[in-house]
1. Tell me, Arg299, Arg169 in order of fewest to most beta-carbon neighbours within 10 Å?
2. By per-residue mean of other Cβ atoms within 10 Å, what is the highest-first order of 139-150, 121-132, 176-187?
3. In Å and on Cα atoms, what radius of gyration and Dmax does the stretch 252-299 show?
4. Using only the alpha-carbon atoms, what does the stretch 151-224 span along each of its principal axes? Please give whole angstrom values in decreasing order.
5. Please report Phe216, Phe210 as a ranked list, fewest other C-beta atoms within 10 angstrom at the top and most at the bottom.
6. How big is D for the stretch 167-267, in µm² s⁻¹ as a whole number, if Stokes-Einstein is applied with the Kirkwood radius of its Cα pairs at 37 °C and 0.692 mPa s?
7. Under 21 Å from the Cα of Lys75, which lysines turn up, not counting those fewer than eight places away in the same chain?
Amino acid sequence: MQQNNVYLFLIVPTFLPGCFRAHVIPGEWIDGQFILHVNNYNLEQGERSVWDQELSSGHGRVDASEVQQRPAAPKKTAAELAAARAEARARAAARPPRQVSAEEAARLTSNAAIAASRLASEGPRRHFFWRHRARLAPFGGVAAEPRPGVDLPGEDLGPAPLPQPPYIRVAMRDYQLEGLRFLAQSHANGVSAILGDEMGLGKTLQTIAFLAWLKFEAGVPGPHLVIAPLSVLSSWMSEFKRFCPELKVLKLHSADPDERDRLRAMLRGGGDFDVVVTTYEMVKSPHMASTLSHRTHWR
């Protein structure tokens, strides 16, 4: 293989009219092909290091043996690690407890209760999926068998539709009462549910009736979160007032920064409300995302 060291000169124009600048590219001709020095290596010497290719200027190169190696930190023994952990726990225990307001304490208590209820719903959920494992199998679903003495089944509300709730101010149709029973039974089984009715058949009414059933029949106070398009936000608020005025509903949407701060403070303080109705824009907003997603637990 014939190699000849050469330099390739490139003449390129500059920003000044009529002026040019020369670039010298070191390389060599190998078997009739021009190869850059940075790309030329053989099997004996191997590929050039990143230092040689990019970092070194070619002047005053430093041999690797001349570079002062940083001494490795001595490894701690198991006794030293245990002593360090004990010291950290002692410092944490010595810190004074963080003072929280009554509103913050109420929010933390509510979050703890919701977390406990989610844990308690695991048993009914296991029983539900185990009963329907044959239907889930074609879709690749794998149901875990309930643990004896640990997982208890959910309450069976029966096949009949629920009676007309006294706290709903309008008469519900039979299929709407059946939808209410379906939502209530799904909650008792610890699983989520979707109302698949067509438009105009009263899904909003059934949802409001279900939230009211949770509070007045099942003893689940909330808070609940309803996310709706902005175009129907006012409709949700008016229908809550029309169908069940006993529910305390908070509308969470505003373009005014001061009003958003006030609403955020109400959420962080665990305000007196059962349902929060908001929009997709507010959920994605950086001003509300943390409060809605992390600080408050929703039913």
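1. On the way: Arg299 19, Arg169 12.
Ascending Cβ contact count within 10 Å gives the list Arg169, Arg299.
2. Values: 139-150: 10.3, 121-132: 17.5, 176-187: 20.3.
Top to bottom by mean Cβ count within 10 Å: 176-187, 121-132, 139-150.
3. Spelled out, the Cα radius of gyration and Dmax of the stretch 252-299 are 9.9, 28 Å.
4. The principal-axis extents, from largest down, are 39, 23, 23 Å.
5. Values: Phe216 17, Phe210 23.
Ordered by Cβ neighbours within 10 Å, fewest first: Phe216, Phe210.
6. On the way: Rh = 14.9 Å.
Approximately 220 µm²/s, per Stokes-Einstein.
7. none
Every number in this text was worked out from the coordinates using simple rules, so none of it is lab data. Keep in mind that what you see is a predicted model, and the values were worked out from it rather than measured. Note that we place each Cβ from the backbone using ideal geometry, even for glycine, and neighbour counts take in every protein chain shown.
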